[in-house]
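K.L.:
One structure is given below, represented as structure tokens, and several questions about it will come after.
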Amino acid sequence: MNYQQTEADIFERMRAGGPIRKDDPEYGKFSEMVSRTIRLCVEMNAEAKSPDDVRSRLGEITGTEIDRSTTIFPPFYTNFGRSIRLGKNVFINHACSFLDIGGITIEDHVQIGPRVNLTSETHPLDPADRKTLLLGPIIVKRNAWIGAGATILPGVTIGENAVVAAGAVVSRDVPPNTVVAGIPAKVVKQIQ
């Protein structure tokens with residue numbers, strides 16, 4: 001075990017970028033947080049009766065207050081919750097999934113279409129180490145728009161005013177003021 005693993009708790013190491021291994025002595029703490037988040041998501045998706053109720057329940061999941069100007073349509077899914085940061089005037093449509101162990105930051109005025117997947121974690125290709133989590137934060141900059149069914153992969157930044165077309169799979173940073181589309185997503189247009 002290296003110095004970092006013995007001196008920093010698992011959540012500090014996650015914020016620093018992982019990796020997180022199942023044989024980590026503190027993996028149980030992480031697993032408890034995931035179980036709590038899953039329970040709270042199920043309750044929010046089944047019981048929330050208003051946008052205010054959704055914001056309140058999601059605030060409990062994330063451990064932060066969700067601004068009143070932000071709207072989230074359930075169902076909404078996350079596996080950890082504590083690494084999600086949402087700005088003001090954000091709109092998140094139905095059935096989005098935020099795998100946020102590596103961190104997800106959504107800046108102000110972002111629009112996210114239905115069934116969008118943001119995943120800030122992946123696994124090594126080596127089958128012997130496949131259960132390890134490799135973390136890469138996702139940042140969606142101000143006024144970006146992510147179309148229905150798009151997938152954003154670990155470590156990607158979506159630039160200010162950028163548009164991700166419906167169904168795109170984004171594996172690289174998206175420059176500001178561009179439209180990306182396809183699998184893998186490529187710049188198809190500049191926004192004037």
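The values are calculated or read from the model by the stated rules, or taken from the named source; none is laboratory data. Just so we're clear, the structure is a prediction, and the values are computed from it rather than from any experiment. As a convention, Cβ positions derive from the backbone with ideal geometry for all residues, glycine included, and neighbour counts pool all protein chains shown. Keep in mind that these areas ignore ligands, DNA and RNA; they rest on the heavy atoms of the full protein, side chains included. Shrake-Rupley method; radii C 1.70, N 1.55, O 1.52, S 1.80 Å.
K.L.:
Which value in Å is the Kirkwood Rh of segment 1-85 over different Cα pairs?
P.N.:
By the Kirkwood definition, the hydrodynamic radius is 14.2 Å.
K.L.:
While we're here: Indicate the gyration tensor shape class of segment 41-176 (rounded, prolate or oblate), computed on the Cα atoms with a ≥ b ≥ c the square roots of the eigenvalues: a/c under 1.5 is rounded; otherwise a/b larger than b/c is prolate and the rest oblate.
P.N.:
Taking the square roots of the gyration eigenvalues as a ≥ b ≥ c, segment 41-176 is oblate.
K.L.:
Rounded, prolate or oblate: which fits segment 66-105, taking a ≥ b ≥ c as square roots of the Cα gyration tensor eigenvalues, rounded meaning a/c under 1.5, else prolate when a/b beats b/c?
P.N.:
oblate
K.L.:
Just order 46-52, 160-166 by mean Cβ neighbour count inside 10 Å, highest at the front, would you?
P.N.:
160-166, 46-52
K.L.:
Highest mean first, what order results for 123-131, 138-146 on Cβ atoms within 10 Å?
P.N.:
Ranking, from highest mean packing down: 138-146, 123-131.
K.L.:
If you don't mind, another one. Please list Leu118, Leu153 in order of solvent-accessible area, largest first, computed with a 1.4 Å probe with all protein chains present.
P.N.:
So the residues, ranked largest to smallest area, are Leu153, Leu118.
K.L.:
Where the centre of each part is set by its Cα atoms, how far does segment 82-131 sit from segment 154-188, in angstrom?
P.N.:
The distance from the Cα centre of segment 82-131 to that of segment 154-188 comes to 14 Å.
K.L.:
Once you list every other residue whose beta carbon is under 10 Å from the beta carbon of Leu40, what net charge do they have if Lys and Arg are +1 and Asp and Glu are -1?
P.N.:
+1
K.L.:
Suppose only helical runs count, i.e. DSSP H with n ≥ 4. What mean residue ellipticity at 222 nm does that imply for the chain under -39500 (n - 2.57) per run, divided by all residues and rounded to the nearest 500 deg cm²/dmol?
P.N.:
-7000 deg cm²/dmol
K.L.:
Keeping all protein chains in place and using 1.4 angstrom, which order do Arg15, Arg36 fall into by accessible surface area, from largest down?
P.N.:
Solvent-accessible surface, decreasing: Arg15, Arg36.
K.L.:
Looking at the chain, send over the antiparallel percent of its DSSP beta bridges, to the nearest 5.
P.N.:
The antiparallel fraction comes to roughly 20 percent.
K.L.:
Another question about this same structure. To the nearest 20 debye, what is the magnitude of the charge dipole of segment 37-95 about its Cα centre, counting +1 on the Cβ of each Lys and Arg and -1 on the Cβ of each Asp and Glu?
P.N.:
Charge dipole of segment 37-95: 160 debye, to the nearest 20.
K.L.:
Can you tally the net charge around Ser69? Count Lys and Arg as +1, Asp and Glu as -1, for every other residue whose Cβ sits under 14 Å from the Cβ of Ser69.
P.N.:
-1
K.L.:
With a probe of 1.4 Å, find how much accessible area the chain has per residue, and write the answer as a whole number in Å².
P.N.:
Normalised by residue count, the accessible surface of the chain is 51 Å².
K.L.:
Now for a separate question. Only four residue types carry charge here, +1 at the Cβ of Lys and Arg and -1 at the Cβ of Asp and Glu. Report the dipole size of the chain about the Cα centre in Debye, rounded to the nearest 20.
P.N.:
Around 520 debye, computed over the chain.
K.L.:
By the scheme Lys and Arg +1, Asp and Glu -1, what is the net charge of all other residues having a beta-carbon under 13 Å from that of Ser56?
P.N.:
That sum, taken over residues with Cβ under 13 Å, equals -3.
K.L.:
A follow-up question, please. How do Glu12, Glu26, Glu65 stack up against each other in accessible area, from largest to smallest, with a 1.4 angstrom probe?
P.N.:
Order by accessible area, largest first: Glu65, Glu12, Glu26.
K.L.:
Another question, if that's okay. Using a/c under 1.5 as the rounded threshold, could you call segment 109-192 rounded, prolate or oblate? The axes a ≥ b ≥ c are square roots of the C-alpha gyration tensor eigenvalues, and prolate needs a/b larger than b/c, oblate otherwise.
P.N.:
Here segment 109-192 falls in the prolate category.
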